[in-house]
Structures are given as structure tokens and as C-alpha cells.
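Beneath this line is the structure, given in C-alpha cells, with notes to follow.
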Amino acid sequence: MSEFFDWSVLFNALTLGAVYALIAVGYTMVYGIIQLINFAHGEVFMIGTFAGLLLFAQLSVPLSLAILLAMLVCLMLGVVIDFTAYLPLRRKHPLADTISIAGLTGFCGLAIAYFLLARAEQSQAAASGLRIALGVLLAAIPLALFALAICGLYGKLGRPKASVTSDRLSALITAIGMSLSLQTIAQLVWGADFYVFPPFAKESLAHTVFESDVLTLGSATLKGKEFVIWVVTAALMVGLNGLVHRTKIGKAMRACAQDQKTAALMGVNVDYVIAVTFMIGSALAAIAGILFAIKVGGNIYFRMGYYPGVIAFAAAVLGGIGSIRGAVVGGLIIGATQAVAQVKWAEYDFAFAFGLMILVILFRPWGIFGKPGAARA
Amino acid sequence: MSEGPKVELLRLLPGGHLLLERSWGQLAASGGLGLLFLVLPAFVGFGHPLINVGLYVAVFAILSLGLNVVVGWTGLLELGYVSFLATGAVLTFNLLLWEGAGGAHPFASSSLGFLAIILLSGLLCAALGLLRGIPTLKLTGDYYAIVTLGLAEIVYLIFLNSEFTGGAFGMKLSSDSRPTLLGSRIYYDSWAFYYLVVLALGATVVVMDRLDRSRIGRAWAAIRLDEVAARACGIDVARYKMLAFGISGFFGGVGGALYAVWIGTVAVKALDVWQSILILCAVVLGGMGSLRGVLLGSLVLFPLRELLREELFGVRVPPEASNLVYGLLLIFVMRFRPQGLLPRSAGPVHPLDANEQEAVRRGRPRLFVLTEPAPSSSTETPGAGGGPRPGVAHSAETDGPSPDATDVHPGHEGRAATGEGPAEGTEEPRPGIAQDRFSPEEGSGPSSPREAGSAEDA
């Protein structure tokens, strides 16, 4: 067994586990309320990482601020995804429907135009100005959609007409479509290249925090960047637990997870609660993405969110869907599996994680903290 | 009642009696599609890019039809279909590259070898489908989708890191390992290969159509609508689900073998899960569970992908844009037309046709009744033909109750009154009853073929 155990394996397991836990929270909370595997969550993770990278590396925003802004971007993205893709499947809301469809189509069209200009730019300089204008528009559409989503949630666009009985298969296919669309948009805007997180300047605070050695056990050294991931995850999970169990919105979330119709009758704005759930999950995905990118040092590209996303869903199932504790424990178990597998079969590490996921779904679909009857598939 | 011109025409065809229940529109559409594939080379010549696109569409249409068995008929969202495609392709290349005794390439040097490869590939994938069905039999909904996705990822990772698939670099056919068909090696401009693929597509369509109208198809529909009720009606759910997995896998393997030969190099890296999503997209766009819909979806989607590689109206659209189109299509179709562009014309299940009614009346129900009914019974049931039928079918084609259901109804009422034996009554709703039961849903409009989900929701 000793060939599999090394302190570095433990460090790696905890780090992976913490990242998966952060992503899994987004899945587990959304699934707990609307029973939807939000496939696009992995793409939120990817876009959050890109946002942090661009803010930090190109606009030289301080790292902490860059992370906060990336979280804000993803928070809005989460709401926009819900507003454009999933809300129309739950509620009939003609005006909001039209706007969201127009926004989505416009955004995709602009992304293609942006890509075409990027190619033309190499030959003629005049395209550069147009490209900036397009870039501004590209940013403006999600902002406008976000504003409209918030207005819609507070009834400013008129109350939604009726709830639509859309089946879960449709919702899942929509989620897959959203995931594919976001991935392709990222590919159009940022290309298929691998981006690298730039090294921190020496003497800077970030450098001291992330690059210093915290602990040395045997031949393994715990780097600051791994330690930061643990601390941040632990703090966020404690905070989130408090939010869900101590605050009013947390109570509303738990109520919606139990019974949406009754919660609505008690005066809970269910769509607003769902939007908040998306916000929280997406913001956590952004911070996970940036910290993970700093730890790995690179590998930032348009499909980076797919594997962590699916694995994190596995973690959520393993822990018991709907449970935040479960997401953390599930994330740690899956992270440990992957870290151990990396020792000998590095190219198959994800296969082990997927295998564990399949075993859990087959034999214990309600997870560690769930109750057998609560498993819904 | 005298037989209409259609019936007389169809009786001239070999196997034409199988088409007796079809409307003129259906016959014209399928005939036109077949003709398009058959005469396309006459206009452009073999080796033209358009032929290449045609081959691509035909191969992926076979795959879409295979996926439709699980997604559309059994009602399970399958996300790992690409593993059948990859397995078939890898097996094909390994058999073709196998040198045999003295470098003779036994599988590559004769037509029989190539046909054997296609069959073997299909059978292997059918076996794999059955094997995969054992653990996934009890799963439904999201969990089935995510487990098939996970298994496909594991297969993908194994293929990507194995010697026998060529790993990340892929495999290439040498000139003496190219398959032979009708005496000449298959290259991109081989006419024999083109017609083989078209023939395979035709055969797939016929098999799928017969399945849809058979007892098996009705059992799948029952499982999709309500598994518990299906079990209560005496349907062996496990057996029929396994059958669906096996059939779906078989066509995946056949499609994989044809795909491998069509593309000439197998890069496993390109066969990732997003390929399954692409195939799923064709099924969803056309209409899950609708044969004509799936064919239309393939005809619309797959050329798009190839066209985007070329310059279009002087604008060079990036190839990535096709993925964006697919993603948006999935969202938009699910929101505005969840039943697809061309949903099923009939209700969730096809009513018994004249042959089957006859068989039931004699108390000998069969899986496939391919014999022509006795003349007495075909005149007895107006469903088998007759003058007014084309008109009925035409008016009903746009929207609303299916022509089949309307046709069978009057013929059946008489029989129901005489009180026939309940030979199949437990498993298959009798047409007369089916008409009554399904007509409100038909009338309620676009949501009819998609009750699967609402049943699952309950």
C-alpha cells in the first residue's frame, strides 16, 4: 500500500476534493430544488476562470479583486443561464421568453461576427475598432439580460402566466444545449488555445501567499496555493451552511427543495429563490476555477469545465443530492480516488472517478447523507 | 369496397403489401428520399464532395435511427452512443489491418470479408449494448443519462490510451488493407461503397419501421409511457429494454464500421462524447420516436456540419459555429417544439394493421406478421386501402389525429361488437380503444408524442 501513499497524494486528494466540493455545491443545490442536472455549470467554472485570468493578466487588477469580479460575472451568468434556458421551461412568460430568445440568438450571432473579425484583423487594421465595439456589445447583452432577469423575478415584467409542465428530459437536453453553446462561444471568443496563469511578481503579497511552503512532510511539500484552496473552501462551506440554515433566504431554499408548490403558497418567490441558488453555485464555481487554475498553472481552455463539471456532479450524487455536507464529503472522496489513481495510472484518473460515480449511482443513488426514499432519478 | 389504385400498384412491388397502410404522402416522401440517394451520383459523379456529404448523412442517419430506439422509443436519454461508433470503427480497422497468414489481409481482400466485418461489428456492439444494459436496466431519467455518459468516458479514455486503437494518433489504412467490394478496393469515389451505404440505410429504415409497428414497438411505447403500468399489463420490461439496448448497439456498430471506412482514418480523439450529443441533436430536432423526423433531422443537421467546412456565400464561417447551431437548436427545439420538426403521425403506438388484426382474430399473434392477409379480410377492413383514404390522410396530415387511427376505427368497431377473444388485449390496446384513448391527446396538439416525461414526472 505504501507505493500509493505519500503525503503528496494526501495533499493532492484534499486539493482536488476541495475544488470538486466547491463545484458540486452548485450542482447539488440546483438539483435539490429543480431536479435538473445543470450541465452548463462546468462552463460557468470555465468562464469564471477566463474572467479571472483576463482581469488579472490583461487588466492587471489585483488578484483578490479579480476573483471577486469573476465571482460577480459568474453570479450574473448563472442568473442569465437560468433566465434564458431553464425559466421558460418552468413558467410561461411571453415577454421574458421573447427577450431571452432574442438575447441568446443575438449573443451567438455577435460571437460569430467577433470571430470573423478576429480573422480579418490580421489582414486589415480597420477591423480592430469594430471588434472592440462588438466586444462591448458582447458584454452588454448578458448585462441587459441580467437586469431583465432581476426585473422579471420581482414581477416588473408582469407576473408569469402559468407554470409549464415540461418534462425532465426536455430540461436535461436544454442543459446540454446550453453547455454546448457556452463552450462554443468561449471557443469563438478566446480560441482553442491553452492559456496559462502568469506567474506572480516576486515580493508581491500574492507571491508570498501562493508560492511559499507551508509544511514539509517527508518528501512532500504543501504549497501555499494548495493550502489556500483548503482554507477558502472550508470558510465558504461554513458560511454557506450558515446561510442555508440561519437566514431567511436559506429557509426559503430549504422550503423550495422540500415542496415548491407549498412554498409558493406560503409566499416564497420560488423563481427568485432558484435564481439565488444559481447565483451562489456559480460564484463558488468561479472561485474554484481561479484557485484551481493558479494551482495547476495553466490548462485554461474552452473545454476545461467539462470533466470537473461531470465529476463534481458525481461528488454531489455520492454525498447525497441536495446536501451541502454531502457535496463536501463526496468531493473529498472523489478527489481522493482520483489522487490515488494518479499515482500509477495517471492517464486513467478520470476513468476511476467516473467508475466510482457509476458504482454510486447503481448501488447507493441516494448517497451518503440522503435517505433511500429521497433518491429521485 | 373496391381496392384503390394504390393498393393495386403496391401489390405489384415485392414486399409491397407491407406498405399498404401508408398514405400517398409517406410513400412519396420515402420514395423521393430513396431516389435522391440513388440518382445523386448520376448528376455529380462519384468522388464529388456532394457524394461525400451524402455518405456522411447516410452513415449518421443509421446511427441516429439506432439512437432513436433508446431515446425515442424506450424513452431513456442515452449520452454514450458514441462508444458504439468508436468500438465499431476500431474493430473494423483492426480486422482490416490484420494481416492473417502470409500478409494476405483476409478481411480486406474480398467483399465477403467486408460484409463480415460490418456484421461482426454490429454483433459486437449489440453484445456490448446488452452487457451495458445489465447494470443500467433499472435506471431511468437523469441517472441513466449520466451513467451512460460516464461509461462512454471510460471507454473513450481506454481507447485513447491503448495500442490497438492507435492511441491519440489514430489509425490509417494502407493500400493493401483497404476493404474490397465487388472486386475493387474502396476509395472515396467507390460506387459500390456508396450503394452499400445507401442500401444499409434503406434496410435500417425498413427494420425500424417494422419494429415500430410490431408488438416490440408497442411494448417499448408502453414502457416509455409508464413502466409500472407496462409491467402490470404483463410486458416483460427487462426483456424489452434489453432488446432495445441490443438493437440500438447493433446499428451503432454497423454505423461505426461504415463510418470507419468512409473516413479512412480513425482518430479516437475525435470520437468524444460531443459526437453523441451531435447524433442526439438530430434525433431531438427531427422528433424523438418519429422515424421520418429522425431522417429529416439527419438530412438537415449533418450536411450543415459539412457545409460549414466550405466557404458559404463568400463568407468563411468558422467550423466551430456548427456546434453553436447544435447547442442553440437543442435549447430552441426543447422550448418551442419539444416533439420535433416532424413528430409521429400516429399516436404513441401504431394500431394493429390488417395483418395483425387477422392474426389476433385467429388467436395466433406473432412478432412480425409479414404474410399478406387473405383477400376476405383486406376487403373487410377499409384500413387496407380504398378510395376515400388518400383524402382522409391528406387532410389529417397537417395536424391532428393520425390517418391510421381514423382508418382502423370503423373496421374495428364491428369486430369489437362481436366480442373477439382477448388474445392480445393485455399487451396492446385494441385499435378501437386506442382511438378513443389517444384522440384527446392527439387533439391537444403538439405535446402528444412526448408524454413520456409527464408520465415520469408523476
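The values are calculated or read from the model by the stated rules, or taken from the named source; none is laboratory data. What you see is a predicted model, and the numbers here were worked out from it, not measured in a lab. Backbone-built Cβ (ideal geometry, glycine too); neighbour counts: all protein chains shown.
Here are the numbers for the structure shown:
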read-out	value
Any chance residue B:67 is under 17 Å from the mean Cα position of the chain (by Cα), touching a residue at least 12 places away in the same chain (Cβ under 8 Å) and buried (at least 22 other Cβ atoms within 10 Å of the Cβ)	yes
Count of the range B:81-106 residues which are assigned to a loop (DSSP other than H, G, I, E, B) and surrounded by 23 or more Cβ atoms within 10 Å (Cβ to Cβ)	1
Yes/no for residue A:5 being in contact with a Phe, Trp or Tyr (Cβ under 9 Å, 6 or more places away or on another chain), aromatic (Phe, Trp, Tyr) and more than 14 Å from chain B (Cβ to nearest Cβ)	no
Filtered residue count, the range B:41-59, keeping only those that are out of contact with any Phe, Trp or Tyr (no Cβ under 9 Å at 6 or more places or on another chain) and either in a loop (DSSP other than H, G, I, E, B) or under 25 Å from residue B:279 (Cβ atoms) (or both)	3
Test for residue B:168: is it exposed (fewer than 15 other Cβ atoms within 10 Å of the Cβ), closer than 30 Å to residue A:313 by Cβ and small (Gly, Ala, Ser)	yes
Top-ranked residue in the range B:282-311 [being modelled with pLDDT of 90 or more and β-branched (Val, Ile, Thr); ranked as nearest to the chain's Cα centre (by Cα)]	B:294
Scope the range A:357-377; condition surrounded by 18 or more Cβ atoms within 10 Å (Cβ to Cβ), of a type in the set (Gly, Ala, Ser), more than 9 Å from every other protein chain (Cβ to nearest Cβ) and at negative phi; matching residues	A:370
Extreme residue, surrounded by the most Cβ atoms within 10 Å (Cβ to Cβ), among residues of the range A:183-218 that are small (Gly, Ala, Ser) and touching a helix residue (DSSP H, G or I) at 6+ places or on another chain (Cβ under 7 Å)	A:186
Unique match (being over 30 Å from residue B:46 (Cβ atoms) and basic (Lys, Arg)) among B:185, B:239	B:239
Listing of helices (runs of 4 or more DSSP H) fully contained in the range A:258-356 that carry 1 or more residues being within 14 Å of another protein chain (Cβ to nearest Cβ) and either touching a strand residue (DSSP E or B) at 6+ places or on another chain (Cβ under 6 Å) or under 21 Å from residue A:15 (Cβ atoms) (or both)	A:306-319, A:324-344
Filter pass, residue B:186 being under 30 Å from residue A:348 (Cα atoms) and either touching a Leu at 6+ places or on another chain (Cβ under 6 Å) or of a type in the set (Val, Ile, Thr) (or both)	no
Wholly within the range B:225-306, helices (runs of 4 or more DSSP H) carrying at least 2 residues that are within 26 Å of residue B:92 (Cα to Cα)	B:237-263, B:273-286
Subset of the range A:74-99 [under 18 Å from residue A:279 (Cβ atoms), surrounded by fewer than 23 Cβ atoms within 10 Å (Cβ to Cβ) and either without any contact (Cβ under 8 Å) to a residue 24 or more places away in the chain or among the β-branched types (Val, Ile, Thr) (or both)]	none
Residue match in the range B:333-350 (condition: in a loop (DSSP other than H, G, I, E, B), more than 29 Å from residue B:27 (Cβ to Cβ) and either assigned by TED's automatic domain parsing to the domain that holds residue B:75 or modelled with pLDDT of 75 or more (or both))	no
Residues being in contact with a Leu (Cβ under 8 Å, 6 or more places away or on another chain), hydroxyl-bearing (Ser, Thr, Tyr) and surrounded by fewer than 20 Cβ atoms within 10 Å (Cβ to Cβ) - total across the range A:245-296	1
The range B:345-362, residues that are acidic (Asp, Glu) and more than 24 Å from the chain's Cα centre (by Cα)	B:358
Test for residue B:149: is it assigned by TED's automatic domain parsing to the domain that holds residue B:269 and surrounded by fewer than 20 Cβ atoms within 10 Å (Cβ to Cβ)	no
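The rows are residues; the columns are (1) at pLDDT below 85; (2) buried (at least 20 other Cβ atoms within 10 Å of the Cβ); (3) out of contact with any Phe, Trp or Tyr (no Cβ under 9 Å at 6 or more places or on another chain); (4) closer than 23 Å to residue A:51 by Cβ.
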residue	(1), (2), (3), (4)
A:121	yes, no, yes, yes
A:152	yes, yes, no, no
A:157	yes, no, yes, no
A:166	yes, yes, yes, no
